[in-house]
């Protein structure tokens, strides 16, 4: 007899939980990276320079898309 390839409700729930754990781990890693980057900018005292750079960069992108 052939074994059928059925997916149970519990299989789906298990996979959703695994995906949720993976997403939460990624979000946690990005949060740590963001905090580290923010601390580095504060340490270098480049906040104003970095802010001006980002404003110019995103303004140029907006102008190019119009």
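Any read-out appearing in this document is the output of simple, stated calculations on the displayed coordinates, not a laboratory observation. None of these values were measured; they are calculated from a predicted model.
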Over the chain: helical MRE at 222 nm, DSSP H runs n ≥ 4 each giving -39500 (n - 2.57), nearest 500: -30000 deg cm²/dmol
Rotationally averaged projected area of the chain (alpha carbon convex hull; nm²): 9.0 nm²
